[in-house]
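Engineer: Just passing along the structure, written as structure tokens.
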Amino acid sequence: MHHLGNFSLMAIVVLASYAVVASLLGVRRESSRLVKSGERALLTCSALSTVACFALVTLLLKSDFRFEYVASYSNRDLPFFYKISALWAGNNGSLLFWSWLIFVFTAITILTNQKKNRELMPYVVATLGMITLFFTYLNYWLCNPFVELAVVTAAGGAQSWAPVDGRGLNPLLQHPLMAIHPPILYIGYVGFVIPFAFCVAALASGRLGAEWITSTRRWTLVAWFFLGTGLILGGRWAYVELGWGGYWAWDPVENAALLPWLTGTAYLHSVIIQERKGMLKIWNVTLVVITYLLCVFGTFLTRSGVVASVHAFAESEFAQIFLVFILVAAVLCAGLILYRLPELKSKNELDSIVSRESSFLFNNLLFLIASFAVLWGTMYPVLSEWLYDEKATVGPAYFNKVNIPIGLALLALTGIGPLLAWRKSSFESLRRNFTWPCLVGVATFLGLLALGMRQPAPLMTFALSTFVTTTIVLEFHKGARARQTHRGGSYRSALVDLTLVNTRRYGGYIVHFGMVLIFIGIAGLAFDTDMKADLATGESIQIKSYDVKLVALNEGRTPNYEWLSAELELRKNGKLVGTYEPQKHFYFASQQPTSEVRRHATFVEDVYLIFASVTDDNKATVQVYVKPLVRWVWIGGIVLFLGTVVTLVPDKRELKLARKAESQKKVATQVKKKYEVA
């Protein structure tokens, strides 16, 4: 199988090179046959990449420890599910998986654009060919997952060798969430390559209208959705597996995934202005380029070893090549943007600062400021070490101090934007639209003050959350009422019909509501409490209204690990809630321990139980957190998922236009046949 994998990678290098040359030559010579051959070459590469991935998965499932990658990330007793997920557990395998995703998306793009975007496709194929060529070059020559283990013989030669068992998968990765989190995150990272390729194609061909944006809108939404879902799942994994009581630590690799999500969000908002008003063309091409390059920058951070992170792979010698790729791509894209600058300049201008267009512009500025703040905080320790030979530290305090005000401003704009009119808002429309949302927001603020809440950030978060929620509810209500008056029927059917008529707008409102719920969950961090104690059997500790009692210490083993647990009895206000067993695992293959937390989760708060260790006098060291509102982060993620799905559904107007175009096409075909017969 390894020969098949290596042959596939080598063939991809040849065919991807041909695809680039054939596509560009096809444009120059106006040869559709050359362009088509370039597309077929990349389609063949997609099949070969699938073969290479299949070959590596087969070696993992067979536990063929002759190969370094298999011996490093698998072992005989590793469950089947985790043997498959070992494909993306290490540097070389994850890069192969990354390349495969690019080829899958490339194949879908080529197959769905056989009869449209023909002026753009040669440049799209050439761009995708160059990108896939870069990643396949790395996979074949510098980080090949099919390298065999060998030992030096007494005669000085090399002989194939295999250990009795492998080192196994990192215990922290042996969790269901970590089996699905990386591929979902990678789909988000890699998915932005298609909008990037179309953007480069539009710049290269001079076709700078809204066509390339329309063609990639759903690609961008899908990539943005998977990247956001990956972030949520990563936070969930950190919360239930790492045992430190949180879900976001401003870790460098976490930040690296957040950056393209922020700039991608900015692009999804500003693209609406280009489609409606023909404005912000420079913004949009710049945002697409930045977003994709930040995706590549994220994988550089993960593999370079320049930052310390629980999410990072081991340091790789080739990782610096990613920087070269990013710099070359940035220079080429900047050159294209400067070359097309006269054509990118907008012919329209903002009519008023109090308009929906201006709210989108401010929204973009805030997202870019947040991105720069996160990037600066992430890279400052590295830059400090390079420039001054002193490694500075930038902790959560910096990120919270900078990003909380930005986040609150973005939350406010989420509610303000829909209340503003396009072009210019009159005083009367402002009074009419803002009265109820502002009253509800102010009432929330004053009510929480009266109840004793004094922390500024949570106060503003809850007040703004009710303001935005009221805005969203009124937008749905006004639209449904108007539709019910116009067409009759029930309020519920009018609400569903309203959403289906404009899925993009109302799906966006659902996404915004999901973000509101996430903000509410994050605001709960201000009220966290925790306690740590050494407990003998029968002893208990009290935290807030909870009592935690150690009932017993238990132990056991599985083929993969041995475990020790603290059996804890949890009571609230004297009433038994349940019995929980946080555990310590020790994995045989990797010789590494992990902590398995247990939680009592409600809509109001989580009780988070950690069994840290056993003391010399056989007491259990137990740490307990009471964490309000955490569940709303996960609920917000689900609502965000549903809203994105609604947004991706073609609305009734799109379907009507598509049917009309198909009908016109059939009529034109019939007329053509009639004249040919005549």
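Engineer: I'd like the FRET efficiency for E562 and F54, computed as 1/(1 + (r/R0)^6) with the beta carbon distance as r and R0 of 35 Å, rounded to 0.05.
Structural biologist: Taking R0 as 35 Å, the efficiency between E562 and F54 is 0.50.
Engineer: Putting +1 on Lys and Arg Cβ atoms and -1 on Asp and Glu Cβ atoms, find which of F445, L420, A601 reaches farthest to the positive end of the dipole of the chain.
Structural biologist: After comparing all options, I get L420.
Engineer: Only Lys, Arg, Asp and Glu count, each charged at its Cβ (+1, +1, -1, -1), so figure out the dipole size of segment 1-170 about its Cα centre, rounded to 20 debye.
Structural biologist: 640
Engineer: With each pseudo-label sitting 7 Å past Cα toward Cβ, what's the A162-L25 distance in nm, one decimal?
Structural biologist: According to this spin-label approximation, the distance is 4.4 nm.
Engineer: Would you list the P(r) distribution for segment 1-120, with all Cα-Cα distances sorted into 10 Å bins from 0 and each bin expressed as a whole %?
Structural biologist: With a bin width of 10 Å, the distribution comes to 13, 37, 25, 15, 8, 1.
Engineer: I want to check the label-to-label distance for W244 and H486. Put each point 7 Å from Cα in the C-beta direction and report it in nm to one decimal.
Structural biologist: Reported label-point gap for W244 and H486 is 5.2 nm.
Engineer: Here's a follow-up. Loop-only chymotrypsin sites (Phe, Trp or Tyr not before Pro) in segment 411-492, please: DSSP not H, G, I, E or B, and at most 13 other Cβ atoms within 10 Å.
Structural biologist: Here the sparse-neighbourhood loop sites are W422.
Engineer: So, one more: Only counting other Cβ atoms within 10 Å, I'd like T132, T615 sorted with the fewest neighbours first.
Structural biologist: Taking fewest neighbouring Cβ atoms as first place, the list is T615, T132.
Engineer: Next question. I'd like to know which of P582, G395, A533 lies farthest towards the positive end of the charge dipole of the chain, counting +1 on Cβ of Lys and Arg and -1 on Cβ of Asp and Glu.
Structural biologist: So the residue we want is G395.
Engineer: Sticking with this one: Using the 10 angstrom Cβ neighbour count as an exposure proxy, how do E357, E390 rank, fewest first?
Structural biologist: Going from least to most buried by this count: E390, E357.
Engineer: Still on this structure, I have one more. Report Rg (one decimal) and Dmax (nearest whole number) for segment 108-191, counting Cα atoms only, units Å.
Structural biologist: In Å, with Rg to one decimal and Dmax whole: 20.8, 64.
Engineer: Another question, if that's okay. Could you list, in their original order, any pairs among K277/K478; K391/K544; K115/K345 whose Cα atoms are separated by more than 32 Å?
Structural biologist: Over 32 Å Cα-Cα: K391/K544.
Engineer: On a C-alpha basis, how far is the centre of segment 330-360 from the centre of segment 97-115 in Å? Whole number, if you could?
Structural biologist: Cα centroid of segment 330-360 versus Cα centroid of segment 97-115: 29 Å apart.
Engineer: Select from the chain the helices, each a whole stretch of DSSP H, whose alpha-carbon atoms run 30 Å or more along the helix axis and whose Kyte-Doolittle mean is at least 0.0; answer none if there are none.
Structural biologist: Once both thresholds are applied, what remains is 2-29, 32-61, 91-112, 211-241, 252-277, 281-304, 356-388, 427-450, 456-487.
Engineer: Could you calculate the contour length gain from K572 to S32, that is, 0.36 nm times the residue separation minus the distance between their Cα atoms, to one decimal place in nm?
Structural biologist: 187.1 nm
Engineer: Measuring from a point 7 Å past the Cα of W436 along Cα-to-C-beta, which residues in segment 388-419 have an amide N at less than 17 Å?
Structural biologist: 415-419, by backbone N distance to the label point.
Engineer: Any idea what the dipole of the chain comes to, in debye rounded to 20, about its Cα centre with Lys/Arg Cβ at +1 and Asp/Glu Cβ at -1?
Structural biologist: It works out to roughly 3980 debye.
Engineer: Taking Cα centroids, how far is segment 1-78 from segment 129-208 in Å?
Structural biologist: Taking the Cα centre of each part, segment 1-78 and segment 129-208 sit 11 Å apart.
Engineer: For segment 527-631, what class follows from the C-alpha gyration tensor (a ≥ b ≥ c being the square roots of its eigenvalues): rounded when a/c is under 1.5, otherwise prolate if a/b is larger than b/c, else oblate?
Structural biologist: Note, shape of segment 527-631 comes out prolate.
Engineer: Can you give the Kirkwood hydrodynamic radius for segment 334-419, in Å, rounded to one decimal and based on Cα pairs?
Structural biologist: Evaluated on segment 334-419, it is 16.0 Å.
Engineer: Related question: Once you charge only the Cβ atoms, +1 for Lys and Arg and -1 for Asp and Glu, what is the size of the charge dipole of segment 425-538 about its Cα centre, to the nearest 20 debye?
Structural biologist: 680
Engineer: Report, in deg cm²/dmol and to the nearest 500, the calculated mean residue ellipticity at 222 nm for the chain, where each DSSP H run with n ≥ 4 adds -39500 (n - 2.57) and the sum is divided by the residue count.
Structural biologist: Computed mean residue ellipticity for the chain: -22000 deg cm²/dmol.
Engineer: Distance from a point 7 Å along Cα→Cβ of R66 to each backbone N in segment 1-29: keep the residues under 14 Å and list them by number.
Structural biologist: 1-6
Engineer: Same structure, new question: Eigenvalues of the Cα gyration tensor times 5, then square-rooted: what semi-axes does that give for segment 424-483, in whole angstrom, largest first?
Structural biologist: 26, 13, 9
Engineer: Is the C-alpha gyration tensor of the chain telling us rounded, prolate or oblate? Criteria: a/c under 1.5 is rounded; beyond that, a/b larger than b/c is prolate, otherwise oblate.
Structural biologist: Verdict is oblate for the chain.
Engineer: Additional query: Quick one: K83, K544, fewest Cβ neighbours within 10 Å first, how do they rank?
Structural biologist: Listing K83, K544 from fewest to most nearby Cβ atoms yields K544, K83.
Engineer: Got a sec? Charge dipole of segment 196-277, +1 on Cβ for Lys and Arg, -1 for Asp and Glu; which of T263, G206, L221 is way out at the positive end?
Structural biologist: Selected residue: G206.
Any read-out appearing in this document is the output of simple, stated calculations on the displayed coordinates, not a laboratory observation. Owing to the predicted nature of the structure, the values given are computational and were not obtained by experimental measurement. Cβ coordinates were reconstructed from backbone atoms using ideal geometry, including for glycine residues, and neighbour counts include every protein chain displayed.
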